[in-house]
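Beneath this line is the structure, given in structure tokens, with notes to follow.
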Amino acid sequence: MKRVFFVVLAILLLNTAAKSDGVIHIKADHVSYSKQLNTYYAYGHCLIYDENYTLKADKVSYNTKTYIATAKGHVVLSDRNGNWIKGSYAVLNYSTYKGYIKKALLYSTNNGYGLYIRAKRIVVYSKDRYFIKSGTITTCKCDDFINFKNRHSPKWTISASNTYVIKDDFMFAYPVVFKIKKAPVLFSPFFYKSLDKERRTGFLFPQLGSSSINGFEYIQPFFINLSKSQDITLYPFTYSKKGNGLRVQYRFYWTRHSKGEWNITVFKEKTPYKGRQNKKTRLNIKAEQYADFGKYGTLSYDINVVNHKNNLRVVNLNKIEEASDRYTTSKASYYISKDNYYLSLYGEYNQDLISDNNKETLQRLPVVKFGLINKKLYKNLTLDFSQTISNNFRIKGERGIASDTTAFLYYPMKVSYFNITPKAGFHQLYSHYKNAPSDKTYTEKAFIPDYIITASTTINGIFLNNNTEGFKGLKHTIKPTLEYEYIPYRDQSNFPDFVNTYSKTNLITFRLENTLTAKFIKKLKANYRDIVYNKIEIQYDFAKKYNSPFPPIYEETILKPFEFLTIHSQAHYFFKKHLFTSSSEDLDVHLNRFGFSIGHSMSRDDNYKLTDDTINGKVYLYPIKNLYIYASANKSTIHDYYPSKKIGFLYQEDCWGIGLDLYFNREAEEQEDGSYKTVLNKGFWITLNLTGLFSIKKQY
């Protein structure tokens, strides 16, 4: 039986232990000591280590005077962070941590990826620094490469004449040649790569693309690390046809409950219309933040401001008509509550992207709302109260102060199997305003009663089998709800447009919800899935004239009979015209190697004119393990054209990937007179990924 010797060399215990800053340990199958040579000799499964480095080998000698360890055969030099160097022969001074390893392979932990550097010799300058002459770099795990066999090469390598590595900090190599297999494809005077797991300031890899409208597109990000919770990224970009610009992104996470992002984009146009008179500098500011101060409330804002109204103007892509996204909106709010009481401050600023100016655009600065919710007065008697006061401003048009006081008393009760809640309340409206630029002021008041009663119940049926694995059973839930609301007529015609009025209502609503929930047993663990959900809602307002005994009906259905299949539909059907006023249907199938989705949406205006009829679809597949291919499109059947079509692929292996995304979009392009016309914008974006080193892809 082998005898195992374990020797601890401590400077206080043995004068021959020549390690000035700690303890050296030696472990092997056989250990001997030459007092004359001041040297320990170890054979078989040798291990010599201190607090910084562990050296393994078949044979090891350690001199207690020179502090030099020499290792032969299956040498592995490693540290506590997972970095290591393998080789055939090594010399290391355990006092200065200087030495070298022959026929060596260096492995460095690289943000979760392994970085390999192979060379005939790796020089150790200190416990954190290495130098490699004529090294080969890759993140591909290739056994032949790791074992110094040349039959096969990694998918890609970087050959460098000189390479400096500072552990957990950075790698710098010069000059370098990028190779695919053994074929050189690119030369660079230097190459830099951060090995720090922490974020570091420096250039990110560029984003490359092209389009028929913008021309060649190049974006060169630069990352600035301010702290662990703050950073800035600069995105200088150039469009060969359109111009140049800069996007600045500031991200912050000031506290665990306060985070946000600010973006400023400046774009300087080239001569756009074969003339210089319409050359513009476009500025867009977007900022958002959410902060939760606990008992002191929450603060949030979302800012979106442009210096030129056409920067974000949204138009119909075929008829060049005004669309629904007419305004940019900037808003901020503060909310605080305690028990049943709350206070809210709100402000809103809008920019009109369609009108010639912003003079008639309504601004709500500020809005104050306070009240209480679910305040128990006596047993189940509950009070809801709110007071909203708003200052409404515009340069031209009606502006002034508006107030809405709302209060409801309700008494939830249970009668047999039914939950019944009668509510009685009122809305007190007040407005003091004038029609600018005239100085004549107006005051309007109105008191509007509001009565609501709701009744609902829930019926459950459970159906189980004796299975101990797989499908176990169903739960059927039926929830009918009946609600009636009555608001009598009160004249509110003289209120300005910024006051939310309450029209006469005599509305009865019936809602029926059905849910089928399946239970599955897998490895003694229960899983549940709603396989069927259906809601039918019918509303009839006796205060309106439908000219039909049947009111409008709303239906929504979600089917998920299998994990890979989802069907969702919803629609409004109006019996008066025997047609759908709006509908949407979606089918999604997602398998391991294949999937697709197809959908349809339709809507009509108040005159039942078709305003939207769109078909959209996407399909993807993995024809082989590492290849992803997709295609997507949507088509407007009203105008018989495709607003968007995309197709692309991504091939990804363990250490590299390449992809291409092609798009064909109908976009509105501004003309010299300020009008727009539809053009087909064709373009592409490139994705190139060398795992652990860099990734070129579109980021925004």
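Considering segment 189-297, the qualifying strands (runs of 3 or more DSSP E), each wholly inside and each with 2 or more residues that are in contact with a Leu (Cβ under 8 Å, 6 or more places away or on another chain) and over 26 Å from Val176 (Cβ atoms), run over 230-239, 243-255, 258-269, 281-292. For segment 392-431, a residue qualifies if it is polar (S, T, N, Q) and either open to solvent by less than 70 Å² (accessible area, probe 1.4 Å) or not in a loop (DSSP other than H, G, I, E, B) (or both), and the qualifying residues are Asn392, Ser403, Thr405, Thr406, Asn419, Thr421, Gln428, Ser431.
Among the residues of segment 369-387, those identified as under 35 Å from the mean Cα position of the chain (by Cα) and either surrounded by 15 or more Cβ atoms within 10 Å (Cβ to Cβ) or not hydrophobic (A, V, I, L, M, F, W, C) (or both) are Lys369, Phe370.
Do the conditions hold for Tyr113, that is, is it open to solvent by 20 Å² or more (accessible area, probe 1.4 Å), over 42 Å from the mean Cα position of the chain (by Cα) and farther than 22 Å from Phe131 by Cβ? Spelling it out, it is not the case that Tyr113 is open to solvent by 20 Å² or more (accessible area, probe 1.4 Å), over 42 Å from the mean Cα position of the chain (by Cα) and farther than 22 Å from Phe131 by Cβ. Among all residues of segment 168-187, there is at least one that is under 20 Å from Ile122 (Cβ atoms), open to solvent by less than 80 Å² (accessible area, probe 1.4 Å) and in contact (Cβ under 8 Å) with a residue 60 or more places away in the chain. Mind counting the residues in segment 463-498 that are under 30 Å from Phe520 (Cα atoms) and in a loop (DSSP other than H, G, I, E, B)? Total satisfying the criteria: 5. Restricting the first member to segment 634-661 and to residues that are basic (Lys, Arg), and the second to residues that are in a strand (DSSP E or B) and open to solvent by less than 60 Å² (accessible area, probe 1.4 Å), the beta-carbon pairs closer than 6 Å and six or more apart or on different chains are Lys645/Ala633; Lys646/Ser632; Lys646/Tyr663. Residues in segment 105-130 that are touching a strand residue (DSSP E or B) at 6+ places or on another chain (Cβ under 7 Å) and farther than 15 Å from Lys86 by Cα were compared, and the one that is modelled with the lowest pLDDT is Asp128. Out of Ser210, Ser240, Ser258, one residue alone is loosely packed, with under 15 Cβ neighbours inside 10 Å, modelled with pLDDT of 85 or more and among the polar types (S, T, N, Q). It is Ser240.
Total residues in segment 329-359 satisfying the condition of being touching a strand residue (DSSP E or B) at 6+ places or on another chain (Cβ under 6 Å), under 25 Å from Asn435 (Cα atoms) and loosely packed, with under 14 Cβ neighbours inside 10 Å: the figure is 1. Taken over segment 303-340, the residue count meeting the criterion of being small (Gly, Ala, Ser) and at pLDDT below 90 is 2. Of all residues in segment 117-163, exactly one satisfies the criterion of being open to solvent by 30 Å² or more (accessible area, probe 1.4 Å), part of a loop (DSSP other than H, G, I, E, B), polar (S, T, N, Q) and within 19 Å of Ala173 (Cα to Cα), namely Ser126.
The values are calculated or read from the model by the stated rules, or taken from the named source; none is laboratory data. Here the structure is a predicted model, which means the values were calculated and not measured. Please note: Cβ atoms are built from the backbone with ideal geometry, for glycine as well, and neighbour counts cover all protein chains shown. The accessibility values were calculated without ligands, DNA or RNA, using every heavy atom of the protein model including side chains. Shrake-Rupley method; radii C 1.70, N 1.55, O 1.52, S 1.80 Å.
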